[in-house]
1. Is there a residue being over 18 Å from residue 62 (Cα atoms), modelled with pLDDT under 85 and not in a helix (DSSP H, G or I) anywhere in region 34-41?
2. Any chance you could count how many residues in region 50-83 are surrounded by 11 or more Cβ atoms within 10 Å (Cβ to Cβ) and at pLDDT 90 or above?
3. Could you tell me which of the residues 48, 75 is closer than 21 Å to residue 16 by Cβ and hydrophobic (A, V, I, L, M, F, W, C)?
4. Give region 85-105 a look and list any residue that's in a helix (DSSP H, G or I) and loosely packed, with under 10 Cβ neighbours inside 10 Å, or say none.
5. How many residues, within region 11-28, are out of contact with any Leu (no Cβ under 6 Å at 6 or more places or on another chain), part of a loop (DSSP other than H, G, I, E, B) and surrounded by fewer than 21 Cβ atoms within 10 Å (Cβ to Cβ)?
6. Name the pairs whose Cβ atoms lie under 9 Å apart, with the first residue in region 11-24 and on the phi > 0 side of the Ramachandran plot, the second open to solvent by 50 Å² or more (accessible area, probe 1.4 Å), and 6 or more positions between them or separate chains?
Amino acid sequence: MDIAQELRCLVCQNETIAASHADLAVDLRQQIRTKLQEGETPAQIREFMVDRYGEFVLYKPRLSGKTVLLWGGPFVLLLIAFGVLWRTVRRVTHTAEPEMTAQDIARARELLTTAKEDEA
């Protein structure tokens, strides 16, 4: 059953061979039992399954040239997202406020004085 826990059901795809009730999974469990009785090691059985069905049959794919993107892709995307976030935050925080003109300052003073007079 330990070997069956490491192999993906080719019919269900989101279940291991051990958990699946599909006919193919039942046949593969029986084939694993037969191979163990014949004296094959778990590594030999896994290799047989990979040779027969491809890397997809492994529930946890090995790190190889074909699976590097699968294992490293999420980390690369995370780094890119942090880079974009950092650039966006820098751009927003470094945006200069426009200088106030003499007219703006005069208008602000006028509004402040009007507000003080209204309060009194």
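The values are calculated or read from the model by the stated rules, or taken from the named source; none is laboratory data. Because the structure is a prediction, the values reported are computed rather than measured. Because the Cβ atoms are built from the backbone with ideal geometry, glycine has one as well, and the counts that use them run over all protein chains shown. Only protein heavy atoms, including side chains, enter the accessible area calculation; ligands, DNA and RNA are left aside. Shrake-Rupley method; radii C 1.70, N 1.55, O 1.52, S 1.80 Å.
1. No: zero hits.
2. 0
3. Working: 75 fails: closer than 21 Å to residue 16 by Cβ.
After ruling out the rest, the residue left standing is 48.
4. Within region 85-105, the subset in a helix (DSSP H, G or I) is 85-93, 102-105.
The answer is 91, 92, 93, 102, 103.
5. 8
6. Final answer for the pair search is 13/56.
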